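*Asks:* A single structure is presented below for examination.
The values are calculated or read from the model by the stated rules, or taken from the named source; none is laboratory data. Computed from a predicted model, the values in this text were never measured in an experiment. All Cβ positions, even for glycine, are placed from backbone atoms using ideal geometry, and neighbour counts span all protein chains on display.
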Ligand code: CA
């Protein structure tokens, strides 16, 4: 098999025009043929981790099978090739061709990236996909990432998450004061303004941190992943819902020069496979969460509780402030915010008379 050596400067050296900063300017420059590609994909997940980690392994297997072996992707867990939170930089620089993680991990570089994972009290997974694929969201995301030499592709979703594990009860808004919690993204900023301290750390560090009392609380994902990390052995109270992550979408990011060197049929295989993984991952989470929650319901050391309404009301009002500040002075962020909330507003009415009404009726 011929190995396609990929380095950041190869495209220019081979006489291929680099992607401009114009959104959409990432069409293939390669002719369809039997050329074979070998890519590396770095991720933020523990190797072969249920849900997210397996999702990217399945993605690589699907692409291999669908392309007849023309595009082979070797997947690396967080820390195996680059640290878990350096996926964005590694793919942007062209150290590797591809990455899989969550866009909100990059809020320090590009704050508006958080819209494409999740916004507290924002879209659920159905709405996020509706916005990305039919409401202009994906075009805005590609525009946002173009200066970083990255092509983002939606790839996976966990569905609505859980509120997290707490080693003390949350009965009033005062219980948030001084609370040290592992919570990423905008949710972390909202907690900070409510008087807590938000700590960012990779999922794999969470168990030890809460067990040793370095933090008082931690959110990770939901029952399926939380049980896999043993979080139910570290804290007694398991709160719901995941107000901060109501349907977070994951991303495949591809270095734009590497992307352009793929023939159009392989590009289509990558995009279609990512879409298949989104569906497959939701199926895995829907099944895995249901089974794992049964285990927690039957665990005498775990209490599953809803957040008090006054706590959720405060967090929602702070979220509105935080979101409004994010777009100040940044026209692209303002366009993303406007597009996101324009769709959410009309979707809210539709969800209320469909999913929401049905689930309430079924109980
Ligand atoms: Ca989470």
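*Asks:* Can you tell me how many residues within the stretch 171-184 are in a loop (DSSP other than H, G, I, E, B) and over 28 Å from residue 108 (Cβ atoms)? Steps first, please.
*Replies:* Let us first name the residues in the stretch 171-184 that are in a loop (DSSP other than H, G, I, E, B), namely 171-172, 177-179, 183-184.
With over 28 Å from residue 108 (Cβ atoms) added as a condition, the list becomes 171-172.
Residues in the stretch 171-184 being in a loop (DSSP other than H, G, I, E, B) and over 28 Å from residue 108 (Cβ atoms): 2 in total.
*Asks:* Criterion first (surrounded by 22 or more Cβ atoms within 10 Å (Cβ to Cβ), farther than 27 Å from residue 175 by Cα, touching a residue at least 12 places away in the same chain (Cβ under 8 Å) and within 16 Å of the ligand (Cβ to nearest atom)) does residue 289 satisfy it?
*Replies:* Answer is yes for this residue.
*Asks:* Next question, about the same structure. Looking for whichever is under 23 Å from residue 222 (Cα atoms), at pLDDT below 95 and either buried (at least 22 other Cβ atoms within 10 Å of the Cβ) or more than 16 Å from the ligand (Cβ to nearest atom) (or both) here; the options are 170, 183. Which one fits?
*Replies:* Being under 23 Å from residue 222 (Cα atoms), at pLDDT below 95 and either buried (at least 22 other Cβ atoms within 10 Å of the Cβ) or more than 16 Å from the ligand (Cβ to nearest atom) (or both) holds for just one of 170, 183, which is 183.
*Asks:* Here's another thing I want to ask about it. Restricting to the stretch 41-65, what's the tally of residues that are in contact with a strand residue (DSSP E or B) (Cβ under 8 Å, 6 or more places away or on another chain), buried (at least 18 other Cβ atoms within 10 Å of the Cβ) and farther than 16 Å from residue 204 by Cβ?
*Replies:* 6
*Asks:* For residue 159, work out the one condition from (1) at negative phi; (2) touching a helix residue (DSSP H, G or I) at 6+ places or on another chain (Cβ under 8 Å); (3) surrounded by 19 or more Cβ atoms within 10 Å (Cβ to Cβ); (4) in a loop (DSSP other than H, G, I, E, B) it doesn't fulfil.
*Replies:* Tallying (1) at negative phi; (2) touching a helix residue (DSSP H, G or I) at 6+ places or on another chain (Cβ under 8 Å); (3) surrounded by 19 or more Cβ atoms within 10 Å (Cβ to Cβ); (4) in a loop (DSSP other than H, G, I, E, B), residue 159 fails exactly one: (1).
*Asks:* Regarding residue 225, is this residue more than 30 Å from residue 36 (Cα to Cα), assigned to a loop (DSSP other than H, G, I, E, B) and touching a residue at least 12 places away in the same chain (Cβ under 8 Å)?
*Replies:* So residue 225 does not fit the description; no.
*Asks:* While we're on this one: Might you check whether a residue that is within 16 Å of the ligand (Cβ to nearest atom), buried (at least 22 other Cβ atoms within 10 Å of the Cβ) and not in a loop (DSSP other than H, G, I, E, B) occurs anywhere in the stretch 126-142?
*Replies:* Checking the stretch 126-142: at least one residue is within 16 Å of the ligand (Cβ to nearest atom), buried (at least 22 other Cβ atoms within 10 Å of the Cβ) and not in a loop (DSSP other than H, G, I, E, B).
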